[in-house]
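A short write-up of the structure that comes next.
The values are calculated or read from the model by the stated rules, or taken from the named source; none is laboratory data. What you see is a predicted model; the values in this text were computed from it and never measured. Here Cβ is always computed from backbone atoms with ideal geometry, including for glycine, and neighbour counts include all displayed protein chains.
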Amino acid sequence: MEARACYPGSIGEVIQGRVKGIDTILSCPVNLFTNVRIYECKNPFKKTFYPKSSQFLANVLKNWGYTDCIETLDIEICSDIPKGKGFASSTADLCGIYNCLIQLFHRKHDEDEIAAECIKVEPTDSIIFKNMTFFDYKTGAYKEQIGSYMEFYLLVFEGNRTVDTIEFNKKSIQPLSQIDDLAELTRHGVKKRSLDHIAKASTESIIRNQHRLRYDLLSEALRLKDVTGGLGIMGAHSGDALAIIYDDIKLMERAFVNAPHFKGYKAYKLRTITEEEFRNPE
């Protein structure tokens, strides 16, 4: 008994804030992946290295009535998604676990089920859904799918700081800003396939939430965006990773080659993935 699955991460949030009075998030998957293997063995000890994934596996199997299998299945994870950066590495791992389990036990993929099970483990990124989705990442009480994912290019600046998602969301930090207007701008952008609108919403989302989570590199990233033809900025909830959004790969490549060195940050290139790649990442 063995199954394998591959699942993408994200680069932070397109937008995050209060929509209709609810804390929500909307993210896009990128070409960073986790590869998960679940297999049967006599001494399943490797899953102890992955406590969130192990908990998720046990919860799902209990719900399905396969409690005995919890003691015979082990987990291997090989991921190129940065950990502790707000890149949805844990969410990607859990989705990979889920996709392995539905293979092994011949179940149908259920977005409501995976959302509920992920949230039992930790606040969850919206990349669990196959379309762009406003999602209540803490309770799952609100979900609004607004259209298929769009492809664009990202120049990423990643710092050294890390954050644990569970601990971060336990902190007594300032509440998220209201972003109903940005949500509407994003809906319009997705409907019209306008990256300009989406990038504008993403940039404003970061700026509005500076009181809650300060990005040390924001001013420099905004200046670099303006001089390199970028459309906007995306940020991760670690507060230590930003990405400039481009609709033209040549502009992004040129910006990468000529990007200044920011002390304590490394720069690299990513792109969001298409709907077809999302459904068939391998």
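Determine whether segment 53-60 contains at least one residue that is closer than 30 Å to M234 by Cα, modelled with pLDDT of 95 or more, aromatic (F, W, Y) and touching a helix residue (DSSP H, G or I) at 6+ places or on another chain (Cβ under 6 Å). Yes, because at least one residue in segment 53-60 is closer than 30 Å to M234 by Cα, modelled with pLDDT of 95 or more, aromatic (F, W, Y) and touching a helix residue (DSSP H, G or I) at 6+ places or on another chain (Cβ under 6 Å). Filtering G96, G65 for residues that are modelled with pLDDT of 95 or more and surrounded by fewer than 14 Cβ atoms within 10 Å (Cβ to Cβ) leaves a single hit, G65. Considering segment 113-152, the residues that are in contact with a strand residue (DSSP E or B) (Cβ under 8 Å, 6 or more places away or on another chain), of a type in the set (D, E, K, R) and not in a loop (DSSP other than H, G, I, E, B) include one that is nearest to L231 (Cα to Cα), namely E144. Within segment 28-55, if we keep just the residues that are more than 11 Å from the chain's Cα centre (by Cα) and crowded, with 24+ Cβ neighbours inside 10 Å, the residue that is nearest to R187 (Cα to Cα) turns out to be T34.
A single entry from I233, I206, I249 fulfils the requirement of being under 25 Å from T91 (Cβ atoms), touching a strand residue (DSSP E or B) at 6+ places or on another chain (Cβ under 9 Å), among the β-branched types (V, I, T) and at pLDDT 95 or above: I233.
Report whether or not D216 is surrounded by 22 or more Cβ atoms within 10 Å (Cβ to Cβ), acidic (D, E) and either more than 24 Å from R18 (Cβ to Cβ) or under 20 Å from the mean Cα position of the chain (by Cα) (or both). So D216 does not fit the description; no.
Of the candidates I75, I25, the single residue that is closer than 20 Å to T272 by Cα, touching a helix residue (DSSP H, G or I) at 6+ places or on another chain (Cβ under 9 Å) and either buried (at least 16 other Cβ atoms within 10 Å of the Cβ) or among the β-branched types (V, I, T) (or both) is I25.
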